[in-house]
1. Taking region 177-193, which residues are outside any strand (DSSP E or B), within 18 Å of Ala209 (Cβ to Cβ) and touching a helix residue (DSSP H, G or I) at 6+ places or on another chain (Cβ under 6 Å)?
2. Looking at (1) acidic (Asp, Glu); (2) closer than 18 Å to Asp116 by Cβ; (3) over 15 Å from the mean Cα position of the chain (by Cα), can you tell me which one Glu188 breaks?
3. If I go through region 198-207 residue by residue, how many of them are part of a loop (DSSP other than H, G, I, E, B) and buried (at least 19 other Cβ atoms within 10 Å of the Cβ)?
4. Taking the conditions exactly as written (among the β-branched types (Val, Ile, Thr) and touching a residue at least 12 places away in the same chain (Cβ under 8 Å)), does Val253 satisfy them or not?
5. Does Ala92 count as surrounded by 14 or more Cβ atoms within 10 Å (Cβ to Cβ), closer than 30 Å to Glu53 by Cα and of a type in the set (Gly, Ala, Ser)?
6. Return only the number of the condition from (1) without any contact (Cβ under 8 Å) to a residue 40 or more places away in the chain; (2) assigned to a strand (DSSP E or B) that Ala106 does not satisfy.
7. Can you tell me which condition Gly210 does not meet? The list is (1) surrounded by fewer than 16 Cβ atoms within 10 Å (Cβ to Cβ); (2) within 13 Å of the chain's Cα centre (by Cα), and all the others hold.
Amino acid sequence: MMTNRRNVLAGAGGLAALGLFGSAAQAAQLGAIGIQLYTVRELFGPDPMGTLEKIAKIGYREVEYGGGGYDKMDHAALRRTQDRLGLKAPSAHVPYEWLLADFDGAVKMAKTLGVDTVILPYMTDQHRNEAGWNEALQNFNRFARDLKKAGLGFAYHNHDFEFTVKPGGVSLYDRLIKECDPALVKLEIDLFWAITAGEDPQALIRRLAGRIYAYHVKDKRADGSMCAVGEGKIDFGAIFKLNRIAGVKHFYVENDQCPAPYIPDITTSYRTLRGLRF
């Protein structure tokens, strides 16, 4: 029987429906969307349980601890609230100084909250030189080895200085990538700060493919200021098209300068990301 044009088109339509031809139907979207709690620290500090309830009501399903005094809170009570609300806490920001001074305490806290990866969030000025950074990198490797023994992962979260400070002409970030064990020291890429430092996010992702644990997602206005996702100019769709290459597991909304009353800002970010197709 002769195959006519209608049959060919019908067949092509069927193949497209099965995802065998590229089409809009193949557009991906994010799964669970998370939030770094530093964004709502002014709410979370005085009312942690109530803030978690508001976050869950928006639709967030993951939280990353950081700021708001969470380190001094009742971690078992936080975990019970998470479980009740259907929230997971895959990671937590734990300062460098805390890991040096009370490593076992940090591990206990992480496990109580259900954390699988400890994120080192920031390094102060004293470490931002060749000698100080090289010493810190050795501790990064040690933290990662010891956390693995405890059943936890380790990752580093960037700001802009890691890319712009270049002792001897080599950036702090490039030194980290070279000197830290790629199997143990993963990366949480703050896309805003990397872009602010002049990095091409897609090129950075390709370079670090398979080593990326999470993204911090916040937008950037034309004047360079920070804002909710969807209110700026960053093309997150183009970035997220590389998710499979990146190996990224988590997407945390963060706005370091989230304006009061906070909830509208994080709702905008959530709705933008929930509606995004890429």
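1. Step one: of region 177-193, the residues outside any strand (DSSP E or B) are 177-184, 191-193.
Narrowing further to those that are within 18 Å of Ala209 (Cβ to Cβ): 177-178, 180-184, 191.
Scanning region 177-193 gives Cys180, Asp181, Leu184, Leu191.
2. Evaluating Glu188 over (1) acidic (Asp, Glu); (2) closer than 18 Å to Asp116 by Cβ; (3) over 15 Å from the mean Cα position of the chain (by Cα) leaves (3) as the failure.
3. 1
4. Against the criterion (among the β-branched types (Val, Ile, Thr) and touching a residue at least 12 places away in the same chain (Cβ under 8 Å)), Val253 qualifies.
5. Answer is yes for this residue.
6. The one condition Ala106 does not meet is (2).
7. (2)
Conditions tested, residue by residue: (1) under 30 Å from Pro48 (Cα atoms); (2) surrounded by 14 or more Cβ atoms within 10 Å (Cβ to Cβ).
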position: Leu113; (1), (2): yes, yes
position: Thr117; (1), (2): yes, yes
position: Gln126; (1), (2): no, no
position: Phe154; (1), (2): yes, yes
position: His159; (1), (2): yes, yes
position: Val165; (1), (2): no, yes
position: Leu172; (1), (2): no, yes
position: Arg175; (1), (2): no, yes
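None of the figures in this text is laboratory data; all of them are computed from the coordinates on show. Note that this is a predicted model, so its numbers are computed, not measured. Neighbour counts are summed over all protein chains in view; Cβ atoms, including those assigned to glycine, are modelled from backbone coordinates with ideal geometry.
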